[in-house]
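Down below is the structure, laid out as structure tokens.
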Amino acid sequence: MTTEVKRDEGRGRRGPRALRTPGGLSVRLDPRALVVVVLLLLAALGAGVVLIGTGDYPIPPGDVLRTLLGNGDPGQEFIVDELRLPRVLVGLLVGASLGLGGALFQAVSRNPLGSPDVLGLGQGATAGALTVIVLFSGDADAVTVGALVGGLVTGAAIYLLAWKRGVHGYRLVLVGIGVSAMATAVNGYLMTKADFVDAARALVWMTGTLDGRDWKQVWPLLVLFCVLVPLVLANARGLRMMEMGDDVSHALGVRVERVRMLLMVCAVLLTAAATAAAGPVSFVALTAPQLARRLTRSPGPNLVPSLCMGAALLVVADWASQRLFGDGQLPVGVVTGVLGGVYLLWLLVSERRAGRI
């Protein structure tokens with residue numbers, strides 16, 4: 001019996017811990033999840049450094065780091081600071097925003113398919129961008145605003161249509177699939193009305209790309225990211241309680257609908273801003289939370305691991321789009337689509353072998 005108690009204590013030491021600050025704040029810490037987060041951050045930043053050095057004028061990683069610290073020569077400083085660093089920062093922020101937004105939608109809907117790709121937020125943002133491109137021939141800034149407005153309108157429509165004495169997971173997913181189909185039809189109609197130049201421009205944007213991104217895309221996305229991430233993390237405890245069911249959450253003092261609406265607004269804003277900056281990059285929001293959960297082996301929404309996984313996935317995919325296809329470069333959305341499709345096939349096979357489908 002003593003041996004069993006010691007084993008149980010050993011298991012407890014290896015599992016999640018609660019750290020208490022002098023002010024009474026309790027923070028849940030999972031050592032394995034912390035290691036995963038650190039490794040994913042290192043992978044994302046390392047891939048970013050390699051990506052900055054990639055191009056027609058290659059720069060070794062050591063020189064990239066020296067240039068970022070302000071010790072490079074003028075030519076390297078121009079290439080790194082003005083041409084390549086903004087693209088990498090946009091990729092990191094877009095991937096992190098999609099990973100976190102996907103984790104929020106999957107946690108709120110309690111469904112692994114409850115991601116912006118399935119719910120139609122990407123298609124809604126695309127409809128807003130296409131409206132600006134086709135009907136108004138807007139510039140890049142106007143397209144960004146149109147995509148942001150389209151994503152927000154789509155998110156509001158999904159929430160209102162799914163509302164019936166609260167928003168529940170399966171109803172949210174079903175309404176999202178319907179809204180996605182409608183937005184896809186609108187996008188197809190707009191493409192038929194576009195002239196050749198606008199249609200080619202819209203097609204590249206619809207694929208999802210980081211080409212031509214500069215500091216104008218970095219700063220708005222960074223400001224929104226810095227505002228929304230602390231707000232999401234401050235409500236992470238309520239989200240974790242909600243996974244046990246609304247009734248249990250109410251009993252534990254969680255204002256379920258208030259927390260759900262707040263987190264959905266944050267998820268919509270993160271997804272719409274990411275889509276506005278890089279186009280509808282597919283599958284990152286769907287796969288990043290699932291991969292993060294498998295790595296941490298931790299219950300709950302895994303918000304921070306999903307954020308880091310999304311950033312690492314998108315930067316690695318952008319490097320692959322530039323280096324693995326010879327002289328031609330693919331939009332990053334093509335690479336993430338292939339990776340996401342492979343992941344879904346693998347998940348389907350594994351679930352079937354486990355007898356769950």
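For segment 296-334, give me the residue count where each residue is outside any loop (DSSP other than H, G, I, E, B) and closer than 18 Å to Val50 by Cα.
Counting residues in segment 296-334 that are outside any loop (DSSP other than H, G, I, E, B) and closer than 18 Å to Val50 by Cα gives 17.
Test Gly55 against the stated conditions and say whether it is modelled with pLDDT under 85, open to solvent by less than 50 Å² (accessible area, probe 1.4 Å) and of a type outside the set (Phe, Trp, Tyr).
It is true that Gly55 is modelled with pLDDT under 85, open to solvent by less than 50 Å² (accessible area, probe 1.4 Å) and of a type outside the set (Phe, Trp, Tyr).
So is Ile79 in a loop (DSSP other than H, G, I, E, B), surrounded by fewer than 23 Cβ atoms within 10 Å (Cβ to Cβ), at pLDDT 85 or above and more than 25 Å from the chain's Cα centre (by Cα) or not?
No, not satisfied.
I'd like to verify a number: residues in segment 123-132 that are within 20 Å of Gly178 (Cβ to Cβ) and either open to solvent by less than 10 Å² (accessible area, probe 1.4 Å) or modelled with pLDDT under 85 (or both), how many?
Counting residues in segment 123-132 that are within 20 Å of Gly178 (Cβ to Cβ) and either open to solvent by less than 10 Å² (accessible area, probe 1.4 Å) or modelled with pLDDT under 85 (or both) gives 4.
The values are calculated or read from the model by the stated rules, or taken from the named source; none is laboratory data. Note that this is a predicted model, so its numbers are computed, not measured. All Cβ positions, glycine included, derive from the backbone under ideal geometry; neighbour counts span all protein chains shown. Protein only, heavy atoms only, side chains kept; ligands, DNA and RNA dropped before computing areas. Shrake-Rupley method; radii C 1.70, N 1.55, O 1.52, S 1.80 Å.
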